[in-house]
Amino acid sequence: MSSLKHRRQHYGIQYLLAADPTMRRLRREAVSQLHGNKNWGAAFLLMEYLNSNPLAEGSTVLDVGCGWGLASLYCAKHFAAQVLASDADPAVFPFLHAQAAANHLRIDCQAWAFADIPTEQLSTHQVLIGSDICFWDSMAEELYQLINRAIDAGCERILIADPGRPPFLEVAEACIAEHFGELIAVSAHSQRRHQGWVLRIENR
């Protein structure tokens, strides 16, 4: 059973810390291979941005590199969004489901690397979101190609949050030049302060 002392609530979402008994048990049962070992800070940047720039009610949202799913939960709770959460590492999904249960939500999940996300999924989702998904140099090209495919497929809005790592900024620079993207500085607060950027691309 989860302990209240290991839970926090920000942006209207209740989330479990890594020290929570449920999360500790899940970490013993399944080891994440791609740093899906906590709630990463850029999700708070994305929630802060969406707090001031809300999605349309009932939007269809694809959360790529979802991790423990804070951004997915935020969109589902505040905008009644139809969210599909995807990650290359399926070991993160039990953590996401635990947090969804804490918020009385249900989120569908699918194990996909960026290159494996089907074009029909990109075309049927209005919004593509991601946070802390470009932390290695090798990920920059993968993310850029995913963004290109999403734009070609007709995805209407793309929002990617990051604290400002060089690979992410490389992608942002290319998207500003090629897709009229915008890089927006954001500050957010959870149990600590988060600073970084949201890359926004409007495709409509």
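General observations
- Filtered residue count, the range 122-139, keeping only those that are under 16 Å from the mean Cα position of the chain (by Cα), farther than 27 Å from Arg27 by Cα and assigned to a helix (DSSP H, G or I): 1
- Residue count for the range 89-121 satisfying the condition of being touching a Gly at 6+ places or on another chain (Cβ under 8 Å), at pLDDT 95 or above and among the aliphatic types (A, V, I, L, M): 3.
- Selection over the range 159-178 of residues that are touching a strand residue (DSSP E or B) at 6+ places or on another chain (Cβ under 6 Å) and surrounded by fewer than 18 Cβ atoms within 10 Å (Cβ to Cβ) gives a count of 2.
- Condition met for Arg149 (under 21 Å from Val61 (Cβ atoms), touching a residue at least 12 places away in the same chain (Cβ under 8 Å), in contact with a Leu (Cβ under 7 Å, 6 or more places away or on another chain) and charged (D, E, K, R)): yes
- The residues of the range 164-197 that are touching a residue at least 40 places away in the same chain (Cβ under 8 Å) and under 15 Å from Leu143 (Cβ atoms) amount to a single one, Trp197.
- Among the candidates Ile160, Ile147, Ile107, residue that is β-branched (Val, Ile, Thr), over 28 Å from Pro94 (Cβ atoms) and within 16 Å of the chain's Cα centre (by Cα): Ile147
- Residues in the range 130-146 that are touching a residue at least 60 places away in the same chain (Cβ under 8 Å) and among the hydrophobic types (A, V, I, L, M, F, W, C) were compared, and the one that is surrounded by the most Cβ atoms within 10 Å (Cβ to Cβ) is Ile133.
- Qualifying residue in the range 177-191 (condition: of a type outside the set (Val, Ile, Thr) and under 14 Å from the mean Cα position of the chain (by Cα)): no
- Just one of the listed residues (Ala98, Ala115, Ala71) is without any contact (Cβ under 8 Å) to a residue 60 or more places away in the chain and of a type in the set (Gly, Ala, Ser), namely Ala115.
The values are calculated or read from the model by the stated rules, or taken from the named source; none is laboratory data. Being a predicted model, the structure only gives us computed values, none of them experimental. All Cβ positions, even for glycine, are placed from backbone atoms using ideal geometry, and neighbour counts span all protein chains on display.
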